[in-house]
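The values are calculated or read from the model by the stated rules, or taken from the named source; none is laboratory data. Every value quoted in this text rests on a predicted model; they were computed, and no experiment measured them. As a convention, Cβ positions derive from the backbone with ideal geometry for all residues, glycine included, and neighbour counts pool all protein chains shown. Please note that ligands, DNA and RNA were not included when accessible areas were found on the heavy atoms of the full protein model with its side chains. Shrake-Rupley method; radii C 1.70, N 1.55, O 1.52, S 1.80 Å.
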Amino acid sequence: MKKIVIAIDGFSSTGKSTVAKQLAKKLNYIYVDTGAMYRAVTYFALEHEYIGDDFFKEKELINRLGDISITFKFNKAAGFAEVYLNGKNIEADIRTLKVSKFVSPVATLSAVRRKLVEQQQLMGKDKGIVMDGRDIGTVVFPDAELKIFMTASAETRAKRRYKELTDRGYELSYEDVLENVTTRDHIDSTREDSPLVKAEDAIEIDNSDLTIEEQLETIVGLANDLIQ
């Protein structure tokens with residue numbers, strides 16, 4: 001069977017990563033969570049106090065991009081690759097609402113996007129890869145054989161995100177999560193560099209009322225049609 005590139009784009013908290021991980025496992029493909037890469041840069045910016053509620057030291061962050069090394073290491077027990085920043089496992093650290101709050105502003109920086117897109121394209125040069133994010137089918141792999149665009153209502157996504165965070169022990173309100181989701185939607189869709197848009201040849205999946213199993217079955221069917 002031939003190998004292809006599968007690009008999964010869509011709004012935040014649509015479950016892209018969950019489906020992409022399972023899809024890659026089913027197809028025996030490599031999975032890359034590009035959102036985690038932007039979260040890693042955001043975590044770096046927060047740790048070095050380059051960004052906060054009322055400031056963003058863009059030039060300082062850009063000047064430090066050469067000091068940022070992002071890698072993925074497979075955790076056999078967890079069943080997926082975890083994110084490392086300069087050798088440190090930050091998988092749990094980047095999933096907080098604080099990082100979520102600032103990841104979209106960081107992702108608007110062209111220098112950040114250029115650095116990460118270059119890495120992402122190298123990861124997929126041999127195909128056999130599932131990559132999810134905001135601009136995979138439009139910028140990173142415009143020639144990907146299969147492009148999926150996932151969406152759901154803001155309220156549905158906020159409920160999912162709220163449950164995910166509270167299950168991890170974080171104390172926060174649903175209203176704060178909903179505000180974060182809608183704010184990220186606006187920033188991601190209106191930024192000048194690589195805004196979140198559906199590629200013309202992408203297949204849209206509204207998963208507001210779909211289970212993960214139903215989504216996976218649909219995408220596996222689409223992939224098999226191209227692979228076999």
Taking amide hydrogens as modeled 1.01 Å from N in the peptide plane, which residues meet the under 5 Å criterion relative to residue 191, leaving out close sequence neighbours? 196
Kindly rank 75-82, 112-119 from highest to lowest mean number of other beta carbons found within 10 Å of each residue. 112-119, 75-82
Mind checking the dipole of the range 3-123: about its Cα centre, +1 per Lys or Arg Cβ, -1 per Asp or Glu Cβ, Debye to the nearest 20? 560
List the relative contact order of the range 73-228 as a percent without decimals, with contacts defined as Cα pairs under 8 Å and 6+ residues apart. 25
Only Lys, Arg, Asp and Glu count, each charged at its Cβ (+1, +1, -1, -1), so figure out the dipole size of the chain about its Cα centre, rounded to 20 debye. 800
Per residue accessible area of the range 42-158, 1.4 Å probe, in Å²: 46
Go ahead and estimate [θ] at 222 nm for the chain from helices alone: -39,500 (n - 2.57) per DSSP H run with n ≥ 4, summed, over the residue count, rounded to 500. -14500 deg cm²/dmol
Output the pairs from 16/76; 25/57; 21/98; 3/101; 98/127; 2/159 with a Cα-Cα distance over 30 Å in this structure; if there are none, say none. 25/57; 3/101; 98/127; 2/159
Calculate one ³J(HN,Hα) per residue across the range 24-35 by plugging θ = phi - 60° into the Karplus curve 6.51 cos²θ - 1.76 cosθ + 1.60, and present them in order as whole Hz with x for glycine and proline. 4, 5, 5, 8, 6, 9, 7, 10, 10, 8, 5, x
Probe radius 1.4 Å, ligands and nucleic acids ignored: give me the carbon and sulfur share of the accessible area of the chain as a rounded percent. 49
Placed amide H near residue 205: partners under 5 Å, 5+ positions off or other chain: 149, 150, 151
Read-out semi-axes √(5λ) of the Cα gyration tensor in Å, derived from the coordinates shown; its label in [x] 26, 21, 17; [y] 30, 22, 17; [z] 41, 19, 16: [x]
Compute the FRET efficiency between residue 62 and residue 119 as 1/(1 + (r/R0)^6), taking r as their Cβ-Cβ distance and R0 = 22 Å, and round to the nearest 0.05. 0.85
If ligands, DNA and RNA are left out, what is the accessible area of residue 93 with a 1.4 Å probe, given in Å² to the nearest 10? 60
